[in-house]
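The numbers here are math on the coordinates, done by the rules we state, and not lab data. Please read all numbers here as calculations on a predicted model, not as lab measurements. Here the Cβ positions follow ideal geometry from the backbone for every residue, glycine too, while neighbour counts run over all protein chains shown.
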């Protein structure tokens, strides 16, 4: 459920843990999937006993799940007066200053916060009401660096309902901030009143607003490799999440390890093969097998050099064929003796790898088979089996030619 393209299991991540459903869900998901996490909890002392209740819950949750935790107490009211700031802005400043300090001290990759799809929709509407420009309509970003602190939002593409369902499946409790139900804050009024009204017009309004933010973020990007990938792959029905993942795996530090990785859209398959991105249209079922034309060569006739170089032709010793020559797909475990190999056999899949045939083309590889004994005569367009080669003793030469429909 979390966006794994944003995370690396070799790095430490701080998690902003309030005790609410979203942050508890994020911490539990990251822990469950093997990420190194360190929880930070802020007690702003703004809600009386409820603030202390949240802290107690967080301490118990982290102890039960073996998650390292630090708690910081802030005298937010006094600090806001001192700096002539609103309580909301002062709490934010205090929170992120502390997060930055702890990220540096712990050498953490960044801080993960639990904003989700509904938060994105609320932010866009909030900015719109305030008279935002185009950047305001871009909403919340999955990853941002502010004052040297990397802020990561692995749940931004996840709905609130999905988070609640996840917690329910794990029988995991959480606390609720009572101020989220008060209509004195504009964001709360958008959440409690405006979005339910918009859902009466369009039940998918949250998804639509989130998608709008993604599209605007993309348009605001400079001409980067990521943007180029979106231009290339979006028309072929790859999702934003898939493209972000492809972008991560295609970076210099990852691409050498990513050979064989594939991503599928409803219409296409993308493969990373030896540092190259290969896009192919899905064919259902597989593309048609080639037909095989077999011609006996008059004894003493020597094939022209142009024919010998033609990969669609093969010349074999016809006397060594026991049955008919049929064509089928290569399957797992197929072996043959490549031309020039005197002893032993080789897996067809390994042979194709040696010849730099990518995974997608491997699945389509056709073979010419001796129907009597099931032996491979020709790995079509690649090479014949050594047993069927032409020798000075050969009397009957067969010319095999493939034709695609």
| So how tilted is helix 49-64 from the main axis of the chain? Cα-based, degrees 0 to 90, rounded to 10. | 30
| request: Please work out, to two decimal places, the log10 of the ratio I(q)/I(0) at q = 0.11, 0.14, 0.21 Å⁻¹ from a Debye calculation in which every Cα of the range 140-236 carries one identical scatterer. | output: -0.53, -0.84, -1.30
| task | Can you put 15, 327, 397 in order of Cβ neighbours within 10 angstrom, beginning with the fewest? | result | 327, 397, 15
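If you average 1/r over all unlike Cα pairs in the range 1-41 and invert the result, what Kirkwood radius do you get in angstrom?
Working: mean 1/r = 0.0966 Å⁻¹.
Computed over Cα pairs of the range 1-41, the Kirkwood hydrodynamic radius comes out at 10.4 Å.
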| request: Would you mind checking the tilt of helix 117-129 against the longest principal axis of the Cα atoms of the chain, expressed as 0 to 90 degrees and rounded to 10? | output: 60
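Any chance you could list the semi-axes, whole Å, largest first, of the equivalent ellipsoid that the Cα gyration tensor gives for the range 291-403, using √(5λ)?
Largest first, the range 291-403 gives 22, 15, 14 Å.
Pairs of Cα atoms under 8 Å, at least six residues apart: use those to get the relative contact order of the chain, whole percent.
Values: 615 pairs, mean separation 51.2, N = 405.
Taking the mean separation of contacting Cα pairs over the length of the chain, I get 13 percent.
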| Using the 10 angstrom Cβ neighbour count as an exposure proxy, how do 132, 179 rank, fewest first? | 179, 132
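With an 8 Å cut-off on Cα pairs and a minimum separation of 6 or more residues, tell me the relative contact order of the range 291-403 in percent. Write out the running numbers ahead of the final one.
Numbers: 199 pairs, mean separation 52.2, N = 113.
Relative contact order here is 46 percent.
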| query | Could you give the alpha-carbon Rg of the range 4-220 over 2.2 N^0.38 Å, rounded to two decimals? | reply | 1.02
| Once both axes come from the Cα atoms, what is the angle between helix 160-169 and the longest principal axis of the chain, in degrees from 0 to 90, rounded to 10? | 80
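Quick one: plug the Kirkwood hydrodynamic radius of the chain (C-alpha pairs) into Stokes-Einstein at 4 °C, 1.567 mPa s, and report D in µm²/s. Provide the component values of the computation, followed by the final result.
Details: Rh = 26.3 Å.
Estimated via Stokes-Einstein, D reaches 49 µm²/s.
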| task | Fewest Cβ neighbours within 10 Å first, please rank 41, 141, 83 accordingly. | result | 83, 141, 41
| request: Using a Förster distance of 41 angstrom, determine the FRET efficiency expected from the C-beta separation of residue 49 and residue 162, and round it to 0.05. | output: 0.85
| note | In a Gaussian network model of the chain with springs linking alpha carbons closer than 10 Å, the residue among 236, 116, 311 that fluctuates most is 311
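Can you give the helix-only mean residue ellipticity at 222 nm for the chain, where every DSSP H stretch with n ≥ 4 adds -39500 (n - 2.57) and the sum goes over all residues, rounded to the nearest 500 deg cm²/dmol?
Numbers: 14 runs with 142 residues, N = 405.
Using -39500 (n - 2.57) per qualifying helix, the result is -10500 deg cm²/dmol.
Need the full-extension length gain, residue 71 to residue 197, defined as separation in residues times 0.36 nm minus the C-alpha distance. One decimal, nm. Please report the intermediate quantities before stating the final value.
On the way: separation 126, 0.36 × 126 = 45.36 nm, distance 3.87 nm.
Full extension from residue 71 to residue 197 adds 41.5 nm.
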